[in-house]
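What follows is one structure encoded as structure tokens, with my remarks underneath.
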Amino acid sequence: MKKNDLQFYDLSADIWWQSDAKIYALYYLNQPRFDFFDRYVPSWQGLRVLDVGCGGGFSCEFMARRGAIVCGVDQSAKCIKQAQEHAAISGLPIEYQQAFAENLPYQANYFDIVVCVDVLEHVADLRKTIYEVSRVLQPNGLFLFDTINRTVKSQFVMIWLLENILREIKRGIHDWKKFIKPEELTDLLHNHGFASIEINGFDLFGEDLFDNILAYIHYKKTGGFKAKITHNTSLIYIGKAIKSALKR
């Protein structure tokens, strides 16, 4: 079985915005993610924002509705087409391009904010991706992200349980070896001119078995998550970093 199989996103493109599709679960992560991001962005109005790995446009539309000037890139041309069509129907002026995180089609020092959620654990070259994020951000620009920690817990929950047993995630979409420890990402960010790095746990499932069961029942009933920001980064973590004013 192929791991980190990104063909899943091509196959899901046509049903991206269908509320009964499994991919639509990602839509419900917008609110808890941006509850955290809003701590560092008092107003999105007029800010130039890039969403790296935008898929069919969940986060792009969320930010555009808050007044941001949004661009989105994704390696899947089919997802980009779906995102463009849905933005047009929604009347949102979002600029979408098919592109890879390792080679962003934008000039240096252009964006106020770069958002990268549910993506860093999938990119072909993490170092190049962080370099590109730094390059396109303005000095003092903000990088907002989340990803999955490489732990025994993440292997059990994300792959064995959610992929292989419950089949809530398509088998093969993740490669545990590509999950990223917080200290690894922190080192990369420091090496590419970022400072003021903050990382927190992004808890979607609860701390113990009883909480896990309740969270799963809630998800099956509502499609949503009772997400919390915690100090426990052993599974999924969320964070922010600021590009140094000295980095050009």
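The values are calculated or read from the model by the stated rules, or taken from the named source; none is laboratory data. Everything numeric here is computed off the predicted structure, so don't read it as measured data. Positions of Cβ are backbone-derived with ideal geometry, glycine not excepted, and every protein chain shown enters the neighbour counts. Just the protein is used for accessible areas: all its heavy atoms, side chains included, with ligands, DNA and RNA removed. Shrake-Rupley method; radii C 1.70, N 1.55, O 1.52, S 1.80 Å.
A few remarks follow.
- Each DSSP beta bridge with both residues in the range 44-135 is either parallel or antiparallel, and the antiparallel ones are about 10%.
- Rounded to 5, the percent of DSSP beta bridges in the chain classed as antiparallel: 50 percent
- Max mean-square fluctuation residue, GNM over the chain, Cα-Cα springs under 10 Å, options 139, 105, 42: 42
- Total charge dipole magnitude, the range 127-197, about the Cα centre, Cβ charges on Lys, Arg, Asp, Glu only, Debye to nearest 20: 260 debye
- Virtual spin-label span in nm between residue 211 and residue 181, 7 Å along Cα→Cβ: 2.4 nm
- In this structure, the residue pairs whose Cα-Cα separation is over 18 Å, taken from 181/240; 22/170; 2/81; 178/228; 22/240; 3/221, are 2/81; 178/228; 22/240; 3/221.
- Selection from 116, 98, 157, by position along the positive dipole direction of the range 68-157 (Cβ): 157
- Candidate values [x] 47, 41, 36; [y] 105, 56, 32; [z] 56, 45, 36, label of the one derived for Cα extents along the principal axes in Å: [x]
- Choice from 162, 189, 104 showing the highest fluctuation, given a GNM over the chain with Cα pairs closer than 10 Å: 162
- Additional length obtainable on full extension of the chain from residue 231 to residue 125, 0.36 nm per residue less Cα span: 35.4 nm
- What you get for the chain, charging only the Cβ of Lys and Arg (+1) and of Asp and Glu (-1), is a dipole of about 160 debye around the Cα centre.
- Nonlocal amide H pairs with residue 175, under 5 Å, H built at 1.01 Å: 4
- Relative contact order of the chain, pairs being alpha-carbon contacts under 8 Å that are 6 or more residues apart, as %: 20 percent
- Carbon + sulfur, % of accessible area of the chain - ligands and nucleic acids excluded, 1.4 Å: 54 percent
- When both the range 42-116 and the range 124-172 are represented by their alpha-carbon centers, they are found 18 Å apart.
- Couplings 3J(HN,Hα) of the range 133-141, computed from phi: 4, 4, 4, 7, 7, 5, x, 6, x Hz, in residue order, whole Hz [Karplus 6.51 cos²θ - 1.76 cosθ + 1.60, θ = phi - 60°; x for Gly and Pro].
- Farthest positive-ward along the range 7-78 dipole, Cα basis, beta-carbon charges - from 42, 21, 76: 42
- Extended-chain gain in nm, criterion 0.36 nm per residue less alpha-carbon gap, residue 97 and residue 155: 17.6 nm
- A simple spin-label model places the labels of residue 167 and residue 6 2.7 nm from each other, with each point 7 Å out along Cα-to-Cβ.
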